[in-house]
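First the structure, in the form of C-alpha coordinates, and then the observations on it.
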Amino acid sequence: MTKALDGVRVLDFTHVQSGPTCTQLLAWFGADVIKVERPGSGDITRGQLQDIPKVDSLYFTMLNHNKRSITLDTKNPKGKEVLTALIRTCDVLVENFGPGVLDRMGFTWEKIQEINPRMIVASIKGFGPGPYEDCKVYENVAQCTGGAASTTGFRDGLPLVTGAQIGDSGTGLHLALGIVTALYQRHHTGRGQRVTAAMQDGVLNLCRVKLRDQQRLAHGPLKEYSQFGEGIEFGEAVPRAGNDSGGGQPGRILKCKGWEQDPNAYIYVITQAPVWEKICDVIGETGWKTHPDYATPPARLSRLNEIFARIEQWTMTKTKFEVMEILNADDIPCGPILSMKELAEDQSLRATGTIVEVDHPTRGKYLSVGNPIKLSDSPTEVKRSPLLGEHTDEILRDVLGYSDAHVAEIHDSGATTPPRKQAAE
Ligand code: COA
(Lines give C-alpha, C1' and ligand atoms only; values in the text may rest on other atoms or scores of the structure.)
Protein backbone atom coordinates (compact mmCIF):
# COMPACT_ATOMS: atom_id res chain seq x y z
CA MET A 1 0.00 0.00 0.00
CA THR A 2 1.30 3.47 -0.84
CA LYS A 3 1.39 6.33 1.65
CA ALA A 4 -0.20 9.75 1.14
CA LEU A 5 3.16 11.58 0.88
CA ASP A 6 5.10 8.85 -0.92
CA GLY A 7 7.69 10.46 -3.20
CA VAL A 8 7.96 13.66 -1.15
CA ARG A 9 11.46 14.17 0.20
CA VAL A 10 11.92 16.48 3.17
CA LEU A 11 15.19 18.09 4.22
CA ASP A 12 14.61 18.28 7.94
CA PHE A 13 16.66 21.00 9.54
CA THR A 14 14.54 21.06 12.67
CA HIS A 15 15.48 20.70 16.31
CA VAL A 16 13.98 20.67 19.78
CA GLN A 17 10.17 20.26 19.59
CA SER A 18 8.23 22.59 17.30
CA GLY A 19 9.88 21.71 13.98
CA PRO A 20 10.36 17.99 14.71
CA THR A 21 6.63 17.53 15.44
CA CYS A 22 5.91 18.91 11.97
CA THR A 23 8.39 16.71 10.12
CA GLN A 24 7.36 13.66 12.16
CA LEU A 25 3.80 14.13 10.90
CA LEU A 26 5.07 14.37 7.31
CA ALA A 27 7.12 11.18 7.87
CA TRP A 28 4.07 9.43 9.32
CA PHE A 29 2.16 10.33 6.15
CA GLY A 30 4.91 8.69 4.09
CA ALA A 31 7.43 11.43 3.25
CA ASP A 32 11.12 10.51 3.22
CA VAL A 33 12.39 12.79 6.00
CA ILE A 34 16.14 13.34 6.15
CA LYS A 35 17.13 14.92 9.45
CA VAL A 36 20.31 16.97 9.23
CA GLU A 37 22.20 17.08 12.52
CA ARG A 38 25.42 18.59 13.73
CA PRO A 39 28.24 15.98 13.89
CA GLY A 40 29.06 14.88 17.42
CA SER A 41 26.05 16.30 19.24
CA GLY A 42 23.05 16.23 16.95
CA ASP A 43 19.67 17.60 17.98
CA ILE A 44 20.19 18.98 21.47
CA THR A 45 17.21 17.00 22.78
CA ARG A 46 19.07 13.70 22.26
CA GLY A 47 20.94 14.51 25.45
CA GLN A 48 18.27 16.44 27.36
CA LEU A 49 16.16 14.91 30.16
CA GLN A 50 17.98 11.61 29.68
CA ASP A 51 16.45 8.87 31.81
CA ILE A 52 19.05 6.26 30.74
CA PRO A 53 22.70 7.41 30.51
CA LYS A 54 24.08 7.76 26.95
CA VAL A 55 20.78 6.68 25.39
CA ASP A 56 18.73 9.01 23.18
CA SER A 57 16.20 10.67 25.46
CA LEU A 58 12.47 10.07 25.24
CA TYR A 59 12.26 13.77 24.42
CA PHE A 60 14.13 13.04 21.18
CA THR A 61 12.78 9.59 20.35
CA MET A 62 9.14 10.64 20.73
CA LEU A 63 9.53 13.53 18.26
CA ASN A 64 11.66 11.94 15.56
CA HIS A 65 10.06 8.67 14.50
CA ASN A 66 10.19 7.47 10.89
CA LYS A 67 13.10 9.79 9.96
CA ARG A 68 16.61 9.17 8.66
CA SER A 69 19.57 10.98 10.21
CA ILE A 70 22.61 12.43 8.45
CA THR A 71 25.31 14.35 10.29
CA LEU A 72 26.52 17.44 8.49
CA ASP A 73 28.52 20.45 9.56
CA THR A 74 26.86 23.10 7.45
CA LYS A 75 29.59 25.63 8.20
CA ASN A 76 32.22 23.37 6.61
CA PRO A 77 32.70 23.95 2.81
CA LYS A 78 32.17 20.25 2.06
CA GLY A 79 29.14 20.31 4.32
CA LYS A 80 27.75 23.23 2.29
CA GLU A 81 28.38 21.22 -0.87
CA VAL A 82 26.35 18.30 0.50
CA LEU A 83 23.61 20.63 1.71
CA THR A 84 23.38 22.22 -1.73
CA ALA A 85 23.04 18.79 -3.31
CA LEU A 86 20.33 17.87 -0.81
CA ILE A 87 18.42 21.09 -1.53
CA ARG A 88 18.58 20.20 -5.22
CA THR A 89 17.02 16.81 -4.63
CA CYS A 90 14.46 17.52 -1.88
CA ASP A 91 10.95 18.95 -2.19
CA VAL A 92 10.66 20.66 1.17
CA LEU A 93 13.14 22.20 3.59
CA VAL A 94 11.82 22.61 7.13
CA GLU A 95 13.70 24.60 9.76
CA ASN A 96 13.14 26.18 13.14
CA PHE A 97 16.51 27.78 13.73
CA GLY A 98 16.81 31.03 15.57
CA PRO A 99 16.11 34.13 13.44
CA GLY A 100 18.70 34.69 10.70
CA VAL A 101 20.55 31.38 11.19
CA LEU A 102 19.81 29.94 7.75
CA ASP A 103 20.88 33.22 6.10
CA ARG A 104 24.12 33.21 8.11
CA MET A 105 24.78 29.67 6.88
CA GLY A 106 24.64 31.16 3.38
CA PHE A 107 21.29 29.64 2.44
CA THR A 108 18.96 32.58 1.95
CA TRP A 109 15.52 32.11 0.37
CA GLU A 110 16.88 33.62 -2.86
CA LYS A 111 19.84 31.23 -2.90
CA ILE A 112 17.62 28.22 -2.21
CA GLN A 113 15.25 29.25 -5.03
CA GLU A 114 18.23 29.53 -7.35
CA ILE A 115 19.33 26.00 -6.44
CA ASN A 116 15.83 24.52 -6.64
CA PRO A 117 12.89 26.70 -7.72
CA ARG A 118 10.45 23.91 -6.74
CA MET A 119 11.68 23.85 -3.15
CA ILE A 120 9.17 24.71 -0.42
CA VAL A 121 10.97 26.37 2.49
CA ALA A 122 9.01 26.10 5.71
CA SER A 123 10.05 27.90 8.88
CA ILE A 124 8.92 28.25 12.45
CA LYS A 125 10.00 31.35 14.34
CA GLY A 126 8.87 32.71 17.69
CA PHE A 127 7.35 35.85 16.21
CA GLY A 128 6.32 37.12 12.82
CA PRO A 129 7.66 40.38 11.35
CA GLY A 130 7.53 43.17 13.93
CA PRO A 131 9.25 44.34 17.09
CA TYR A 132 10.15 40.83 18.33
CA GLU A 133 11.10 39.13 15.06
CA ASP A 134 14.73 38.67 16.13
CA CYS A 135 13.91 36.97 19.44
CA LYS A 136 14.50 33.33 20.24
CA VAL A 137 11.47 31.61 21.66
CA TYR A 138 10.57 28.45 23.57
CA GLU A 139 7.17 26.94 24.37
CA ASN A 140 6.26 28.91 27.45
CA VAL A 141 7.33 32.23 25.93
CA ALA A 142 4.89 31.54 23.08
CA GLN A 143 2.12 30.65 25.52
CA CYS A 144 2.74 33.93 27.35
CA THR A 145 2.93 36.11 24.26
CA GLY A 146 0.11 34.41 22.33
CA GLY A 147 -2.66 35.05 24.87
CA ALA A 148 -2.82 31.61 26.49
CA ALA A 149 -1.17 32.46 29.82
CA SER A 150 -3.16 35.63 30.47
CA THR A 151 -6.39 33.67 30.06
CA THR A 152 -5.37 30.44 31.84
CA GLY A 153 -5.54 29.92 35.59
CA PHE A 154 -7.75 31.44 38.24
CA ARG A 155 -8.77 35.10 38.42
CA ASP A 156 -7.00 35.64 41.73
CA GLY A 157 -3.84 33.68 40.78
CA LEU A 158 -0.82 34.05 38.50
CA PRO A 159 -1.09 33.67 34.72
CA LEU A 160 -0.56 29.96 33.98
CA VAL A 161 1.09 27.97 31.21
CA THR A 162 -0.62 24.73 30.19
CA GLY A 163 0.90 21.27 29.89
CA ALA A 164 -0.37 20.96 26.33
CA GLN A 165 2.48 22.14 24.11
CA ILE A 166 0.39 24.51 22.06
CA GLY A 167 3.38 26.72 21.20
CA ASP A 168 5.67 23.96 19.95
CA SER A 169 3.53 21.02 18.83
CA GLY A 170 0.66 23.39 17.99
CA THR A 171 2.83 25.44 15.66
CA GLY A 172 4.33 22.26 14.19
CA LEU A 173 0.82 21.22 13.22
CA HIS A 174 0.12 24.61 11.67
CA LEU A 175 3.34 24.40 9.67
CA ALA A 176 2.58 20.86 8.44
CA LEU A 177 -0.72 22.08 7.03
CA GLY A 178 1.07 24.97 5.33
CA ILE A 179 3.55 22.55 3.77
CA VAL A 180 1.01 20.14 2.30
CA THR A 181 -1.00 23.12 1.04
CA ALA A 182 2.09 24.50 -0.69
CA LEU A 183 2.83 21.06 -2.16
CA TYR A 184 -0.72 21.02 -3.55
CA GLN A 185 -0.30 24.49 -5.07
CA ARG A 186 3.02 23.43 -6.58
CA HIS A 187 1.13 20.86 -8.66
CA HIS A 188 -0.50 23.78 -10.49
CA THR A 189 2.26 26.38 -10.50
CA GLY A 190 5.39 24.22 -10.58
CA ARG A 191 6.93 26.65 -8.10
CA GLY A 192 7.99 26.33 -4.51
CA GLN A 193 7.17 28.98 -1.95
CA ARG A 194 7.95 30.09 1.58
CA VAL A 195 5.74 28.84 4.39
CA THR A 196 6.12 30.51 7.76
CA ALA A 197 4.36 29.91 11.05
CA ALA A 198 5.14 32.04 14.07
CA MET A 199 4.60 30.48 17.48
CA GLN A 200 2.85 33.59 18.81
CA ASP A 201 0.42 33.43 15.87
CA GLY A 202 -0.18 29.71 16.35
CA VAL A 203 -1.00 30.14 20.05
CA LEU A 204 -3.25 33.12 19.32
CA ASN A 205 -5.06 31.06 16.69
CA LEU A 206 -5.76 28.44 19.34
CA CYS A 207 -6.91 31.18 21.76
CA ARG A 208 -9.33 32.81 19.34
CA VAL A 209 -12.32 32.33 21.67
CA LYS A 210 -10.58 34.65 24.10
CA LEU A 211 -10.20 37.35 21.43
CA ARG A 212 -13.91 36.82 20.84
CA ASP A 213 -14.57 37.43 24.53
CA GLN A 214 -12.30 40.48 24.55
CA GLN A 215 -14.65 42.09 22.05
CA ARG A 216 -17.83 40.91 23.81
CA LEU A 217 -16.53 42.60 26.94
CA ALA A 218 -17.14 45.98 25.30
CA HIS A 219 -20.86 45.19 25.33
CA GLY A 220 -21.23 43.99 28.90
CA PRO A 221 -20.02 41.38 31.38
CA LEU A 222 -19.21 37.85 30.25
CA LYS A 223 -22.17 36.18 31.86
CA GLU A 224 -20.96 32.60 31.50
CA TYR A 225 -17.79 33.37 33.52
CA SER A 226 -18.21 32.44 37.19
CA GLN A 227 -17.05 35.88 38.22
CA PHE A 228 -20.33 37.23 36.83
CA GLY A 229 -22.34 35.06 39.23
CA GLU A 230 -20.00 36.08 42.03
CA GLY A 231 -20.79 39.75 41.39
CA ILE A 232 -17.15 40.66 40.64
CA GLU A 233 -16.70 43.44 38.13
CA PHE A 234 -14.82 42.80 34.89
CA GLY A 235 -11.72 44.83 34.02
CA GLU A 236 -10.52 45.93 30.59
CA ALA A 237 -9.07 42.59 29.49
CA VAL A 238 -10.50 39.09 29.36
CA PRO A 239 -9.88 37.60 32.81
CA ARG A 240 -8.65 34.14 33.72
CA ALA A 241 -11.68 31.93 33.99
CA GLY A 242 -10.47 28.93 35.98
CA ASN A 243 -12.24 25.85 34.69
CA ASP A 244 -15.30 27.66 33.36
CA SER A 245 -16.30 26.28 30.00
CA GLY A 246 -14.94 28.29 27.10
CA GLY A 247 -18.12 27.86 25.07
CA GLY A 248 -21.72 28.91 25.44
CA GLN A 249 -22.48 25.79 27.51
CA PRO A 250 -21.48 26.24 31.17
CA GLY A 251 -19.16 23.56 32.56
CA ARG A 252 -16.94 22.93 35.59
CA ILE A 253 -14.54 20.37 37.02
CA LEU A 254 -16.27 18.58 39.89
CA LYS A 255 -15.01 16.29 42.65
CA CYS A 256 -15.77 12.59 42.47
CA LYS A 257 -15.55 9.79 45.04
CA GLY A 258 -11.98 9.46 46.30
CA TRP A 259 -10.90 13.05 45.51
CA GLU A 260 -9.36 13.39 48.98
CA GLN A 261 -6.59 10.89 48.07
CA ASP A 262 -6.57 10.82 44.27
CA PRO A 263 -5.52 14.10 42.60
CA ASN A 264 -7.35 13.06 39.44
CA ALA A 265 -10.69 11.94 40.92
CA TYR A 266 -12.58 14.69 39.11
CA ILE A 267 -14.88 14.99 36.13
CA TYR A 268 -15.77 17.82 33.78
CA VAL A 269 -19.54 18.25 33.52
CA ILE A 270 -21.30 20.47 31.00
CA THR A 271 -24.85 21.64 31.63
CA GLN A 272 -25.84 21.69 27.99
CA ALA A 273 -29.25 23.36 27.68
CA PRO A 274 -31.07 20.58 25.77
CA VAL A 275 -30.30 18.05 28.55
CA TRP A 276 -31.04 20.34 31.50
CA GLU A 277 -34.14 18.38 32.55
CA LYS A 278 -32.20 15.11 32.54
CA ILE A 279 -29.52 16.70 34.74
CA CYS A 280 -32.22 17.75 37.20
CA ASP A 281 -33.57 14.19 37.27
CA VAL A 282 -30.13 12.64 37.84
CA ILE A 283 -29.23 14.91 40.76
CA GLY A 284 -32.73 14.80 42.24
CA GLU A 285 -33.65 18.45 41.71
CA THR A 286 -36.79 17.92 39.65
CA GLY A 287 -38.20 21.26 40.84
CA TRP A 288 -35.43 23.08 38.91
CA LYS A 289 -36.98 21.92 35.63
CA THR A 290 -39.81 24.45 35.92
CA HIS A 291 -38.61 26.93 38.55
CA PRO A 292 -38.12 30.33 36.83
CA ASP A 293 -34.71 30.80 38.54
CA TYR A 294 -33.33 27.60 36.97
CA ALA A 295 -35.49 26.56 34.01
CA THR A 296 -33.79 28.69 31.31
CA PRO A 297 -30.09 29.17 30.43
CA PRO A 298 -30.17 32.97 31.03
CA ALA A 299 -31.78 32.49 34.45
CA ARG A 300 -29.09 29.98 35.40
CA LEU A 301 -26.12 32.19 34.48
CA SER A 302 -26.00 34.08 37.78
CA ARG A 303 -26.53 30.84 39.76
CA LEU A 304 -23.90 28.61 38.19
CA ASN A 305 -21.84 28.28 41.38
CA GLU A 306 -24.91 27.06 43.29
CA ILE A 307 -25.93 24.73 40.46
CA PHE A 308 -22.51 23.15 40.07
CA ALA A 309 -22.13 22.82 43.86
CA ARG A 310 -25.36 20.80 43.84
CA ILE A 311 -24.22 18.64 40.91
CA GLU A 312 -20.94 18.09 42.75
CA GLN A 313 -22.80 16.82 45.84
CA TRP A 314 -24.02 14.08 43.51
CA THR A 315 -20.72 13.43 41.64
CA MET A 316 -18.91 13.06 44.98
CA THR A 317 -21.01 9.96 45.68
CA LYS A 318 -19.67 8.19 42.55
CA THR A 319 -16.33 7.45 40.92
CA LYS A 320 -15.48 9.51 37.84
CA PHE A 321 -16.09 6.46 35.65
CA GLU A 322 -19.51 5.82 37.22
CA VAL A 323 -20.46 9.46 36.63
CA MET A 324 -19.26 9.14 33.02
CA GLU A 325 -21.46 6.09 32.50
CA ILE A 326 -24.57 7.50 34.15
CA LEU A 327 -24.44 10.93 32.50
CA ASN A 328 -23.56 9.61 29.05
CA ALA A 329 -26.54 7.27 29.16
CA ASP A 330 -28.57 10.50 29.13
CA ASP A 331 -26.35 12.24 26.55
CA ILE A 332 -25.07 14.69 29.16
CA PRO A 333 -21.59 15.78 28.00
CA CYS A 334 -18.87 15.06 30.56
CA GLY A 335 -15.34 13.68 30.76
CA PRO A 336 -13.24 12.22 33.56
CA ILE A 337 -9.87 13.80 34.35
CA LEU A 338 -7.57 11.05 33.04
CA SER A 339 -4.04 10.89 34.40
CA MET A 340 -1.05 10.14 32.15
CA LYS A 341 -0.87 6.76 33.91
CA GLU A 342 -4.46 5.98 32.99
CA LEU A 343 -3.90 7.11 29.39
CA ALA A 344 -0.72 5.05 29.09
CA GLU A 345 -2.64 1.95 30.20
CA ASP A 346 -5.74 2.63 28.07
CA GLN A 347 -6.22 -0.35 25.77
CA SER A 348 -8.56 1.45 23.35
CA LEU A 349 -5.87 4.08 22.65
CA ARG A 350 -3.40 1.25 22.00
CA ALA A 351 -5.88 -0.40 19.63
CA THR A 352 -6.22 2.74 17.49
CA GLY A 353 -2.47 3.44 17.42
CA THR A 354 -2.88 6.71 19.32
CA ILE A 355 -0.49 5.27 21.90
CA VAL A 356 2.12 2.89 20.52
CA GLU A 357 4.92 0.75 21.91
CA VAL A 358 8.16 1.21 20.02
CA ASP A 359 11.37 -0.83 20.23
CA HIS A 360 14.70 1.00 20.13
CA PRO A 361 18.16 -0.60 19.82
CA THR A 362 19.74 1.13 22.79
CA ARG A 363 16.67 2.08 24.83
CA GLY A 364 14.49 -1.02 24.48
CA LYS A 365 10.72 -0.69 24.49
CA TYR A 366 8.99 2.61 25.25
CA LEU A 367 5.59 4.20 24.78
CA SER A 368 4.92 7.05 22.43
CA VAL A 369 2.00 9.01 21.10
CA GLY A 370 1.25 7.76 17.60
CA ASN A 371 -0.33 9.71 14.77
CA PRO A 372 -3.51 11.36 16.04
CA ILE A 373 -4.64 11.93 12.43
CA LYS A 374 -5.94 8.74 10.83
CA LEU A 375 -6.07 8.36 7.04
CA SER A 376 -7.97 5.30 5.82
CA ASP A 377 -5.77 4.90 2.72
CA SER A 378 -2.51 5.85 4.43
CA PRO A 379 -2.26 4.16 7.82
CA THR A 380 0.66 5.18 10.02
CA GLU A 381 3.28 2.68 11.05
CA VAL A 382 5.43 4.23 13.77
CA LYS A 383 9.11 3.35 13.32
CA ARG A 384 11.83 4.14 15.86
CA SER A 385 13.83 7.36 15.68
CA PRO A 386 17.26 7.18 14.01
CA LEU A 387 20.53 7.04 15.90
CA LEU A 388 22.73 10.08 15.29
CA GLY A 389 24.06 9.90 11.74
CA GLU A 390 22.73 6.37 11.29
CA HIS A 391 21.93 7.01 7.63
CA THR A 392 24.78 9.35 6.66
CA ASP A 393 26.44 7.00 4.19
CA GLU A 394 23.15 5.65 2.88
CA ILE A 395 21.95 9.20 2.08
CA LEU A 396 25.25 10.28 0.49
CA ARG A 397 25.26 7.16 -1.69
CA ASP A 398 21.59 6.48 -2.46
CA VAL A 399 20.03 9.94 -2.41
CA LEU A 400 22.97 11.97 -3.76
CA GLY A 401 24.59 9.18 -5.80
CA TYR A 402 28.07 9.78 -4.32
CA SER A 403 30.75 7.18 -5.01
CA ASP A 404 32.65 5.47 -2.16
CA ALA A 405 35.61 7.77 -2.83
CA HIS A 406 33.39 10.85 -2.68
CA VAL A 407 31.82 9.67 0.59
CA ALA A 408 35.30 9.13 2.04
CA GLU A 409 36.31 12.63 0.91
CA ILE A 410 33.30 14.12 2.71
CA HIS A 411 34.15 12.21 5.89
CA ASP A 412 37.83 13.23 5.69
CA SER A 413 36.85 16.90 5.45
CA GLY A 414 35.19 16.68 8.87
CA ALA A 415 31.82 17.69 7.41
CA THR A 416 30.28 14.43 8.61
CA THR A 417 31.09 11.70 11.07
CA PRO A 418 31.33 8.21 9.55
CA PRO A 419 28.55 6.14 11.18
CA ARG A 420 31.03 3.58 12.55
CA LYS A 421 33.03 6.28 14.34
CA GLN A 422 29.78 7.82 15.57
CA ALA A 423 28.68 4.49 17.06
CA ALA A 424 32.03 4.14 18.85
CA GLU A 425 31.59 7.60 20.38
N1 COA B 1 26.15 22.55 11.37
C2 COA B 1 26.75 23.68 11.78
N3 COA B 1 26.11 24.62 12.54
C4 COA B 1 24.84 24.35 12.90
C5 COA B 1 24.17 23.18 12.49
C6 COA B 1 24.87 22.25 11.70
N7 COA B 1 24.33 21.13 11.30
N8 COA B 1 22.92 23.22 13.01
C9 COA B 1 22.81 24.36 13.69
N10 COA B 1 23.97 25.05 13.65
C11 COA B 1 24.29 26.35 14.24
C12 COA B 1 23.59 27.47 13.55
O13 COA B 1 24.18 27.80 12.33
C14 COA B 1 23.66 28.56 14.60
O15 COA B 1 24.88 29.23 14.47
P16 COA B 1 25.01 30.85 14.40
O17 COA B 1 24.19 31.37 15.54
O18 COA B 1 26.48 31.03 14.54
O19 COA B 1 24.46 31.28 13.10
C20 COA B 1 23.69 27.80 15.92
O21 COA B 1 23.80 26.42 15.56
C22 COA B 1 22.54 28.02 16.82
O23 COA B 1 21.28 27.81 16.19
P24 COA B 1 19.93 28.28 16.92
O25 COA B 1 18.78 27.77 16.12
O26 COA B 1 19.92 29.75 17.15
O27 COA B 1 19.97 27.43 18.26
P28 COA B 1 19.87 27.88 19.79
O29 COA B 1 20.08 26.62 20.57
O30 COA B 1 20.73 29.01 20.12
O31 COA B 1 18.33 28.35 19.97
C32 COA B 1 15.96 28.09 19.78
C33 COA B 1 17.31 27.42 20.07
C34 COA B 1 14.89 27.01 19.80
C35 COA B 1 15.65 29.12 20.89
C36 COA B 1 16.02 28.80 18.41
O37 COA B 1 16.40 27.86 17.44
C38 COA B 1 14.68 29.43 18.00
O39 COA B 1 14.29 30.49 18.47
N40 COA B 1 13.98 28.78 17.05
C41 COA B 1 12.77 29.30 16.48
C42 COA B 1 11.60 29.13 17.40
C43 COA B 1 11.38 27.72 17.83
O44 COA B 1 11.19 26.83 17.04
N45 COA B 1 11.34 27.54 19.16
C46 COA B 1 10.88 26.32 19.76
C47 COA B 1 11.86 25.26 19.83
S48 COA B 1 11.02 23.88 20.53
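With a threshold of 19 Å on the Cα-Cα distance, the over-threshold entries among K54/K341; K257/K320; K3/K67; K3/K374; K35/K383; K67/K341 are K54/K341; K67/K341.
What accessible area per residue, rounded to a whole number of Å², is obtained for the stretch 243-332 using a probe radius of 1.4 Å? Before the final figure, lay out the partial values.
On the way: 4520 Å² over 90 residues.
That works out to 50 Å² per residue.
Does the stretch 243-332 come out rounded, prolate or oblate by the C-alpha gyration tensor, with a ≥ b ≥ c the root eigenvalues, rounded set by a/c under 1.5 and, if not, prolate when a/b is larger than b/c and oblate if not?
On the way: a/c = 1.83, a/b = 1.57, b/c = 1.17.
In terms of gyration-tensor shape, prolate.
Of all DSSP beta bridges confined to the chain, the antiparallel ones make up roughly 40%.
Determine the dipole magnitude for the stretch 1-76: charges of +1 sit on the beta-carbon of Lys and Arg, -1 on that of Asp and Glu, nothing else is charged, the reference point is the Cα centre, and the result goes in debye to the nearest 20.
On the way: 9 positive and 8 negative charges, 20 e Å.
So the magnitude is around 100 debye.
Split the accessible area of the stretch 59-112 by element, probe 1.4 Å, and carbon with sulfur accounts for 53%. Among M340, M119, the sequence by solvent-accessible area, most first, with a 1.4 Å probe is M340, M119.
Toward the positive end of the charge dipole of the chain, with +1 on the Cβ of Lys and Arg and -1 on the Cβ of Asp and Glu, the farthest Cα among T362, G178, F234 is that of G178.
For the stretch 243-332, which whole-number percentage of the solvent-accessible area (1.4 Å probe, protein heavy atoms only) is attributable to carbon and sulfur atoms? Write out the running numbers ahead of the final one.
Details: 2380 of 4520 Å².
Carbon and sulfur together cover 53 percent of it.
The distance between label points at N328 and H406 comes to 5.7 nm (points 7 Å beyond Cα on the Cα→Cβ vector). Overall, the accessible surface of the stretch 118-217 at a probe of 1.4 angstrom is composed of carbon and sulfur to the extent of 59 percent.
The stretch 116-160 and the stretch 6-39 have their alpha-carbon centroids 21 Å apart.
The magnitude of the dipole of the chain, with charges of +1 and -1 set on the Cβ of Lys/Arg and Asp/Glu and taken from the Cα centre, is near 520 debye.
Figure legend: label point modelled 7 angstrom from the Cα of L158 along Cα→Cβ; residues of the stretch 242-276 with amide N under 17 Å from it are 242.
Placing +1 at every Lys and Arg Cβ and -1 at every Asp and Glu Cβ, with all other atoms neutral, what dipole size does the stretch 92-148 have around its Cα centre, in debye to the nearest 20?
Details: 5 positive and 7 negative charges, 17 e Å.
Taking the Cα centre of the stretch 92-148 as origin, the dipole is about 80 debye.
Phi angles across the stretch 28-44 convert, under the Karplus curve 6.51 cos²θ - 1.76 cosθ + 1.60 with θ = phi - 60°, into 3J(HN,Hα) values of 5, 7, x, 5, 8, 9, 9, 8, 8, 10, 5, x, x, 10, x, 3, 4 Hz, Gly and Pro given as x. Counting only protein heavy atoms and a 1.4 Å probe, the stretch 1-135 has 40 square angstrom of accessible area per residue.
Rank by packing, highest mean first: peptides 359-371, 171-183, with packing defined as the count of other Cβ atoms within 10 Å averaged across residues. Before the final figure, lay out the partial values.
Numbers: 359-371: 14.6, 171-183: 21.7.
Taking the mean over residues of other Cβ atoms within 10 Å, the ranking is 171-183, 359-371.
Using only the C-alpha atoms of the chain, find the volume of their convex hull and express it per residue in Å³. Don't skip to the end; give the middle numbers.
Numbers: hull volume 76.0 nm³, N = 425.
Dividing the Cα hull volume of the chain by its residue count gives 179 Å³.
Rounded to two decimals, what ratio of Rg to Rh does the stretch 26-88 give with C-alpha atoms and a Kirkwood Rh?
On the way: Rg = 13.4 Å, Rh = 13.0 Å.
That ratio is 1.03, to two decimals.
The values are calculated or read from the model by the stated rules, or taken from the named source; none is laboratory data. Given the structure is predicted, the values throughout are model-derived calculations rather than measurements. Note that we place each Cβ from the backbone using ideal geometry, even for glycine, and neighbour counts take in every protein chain shown. Side chains are part of the model used for accessible areas, which takes the heavy atoms of the whole protein and leaves out ligands, DNA and RNA. Shrake-Rupley method; radii C 1.70, N 1.55, O 1.52, S 1.80 Å.
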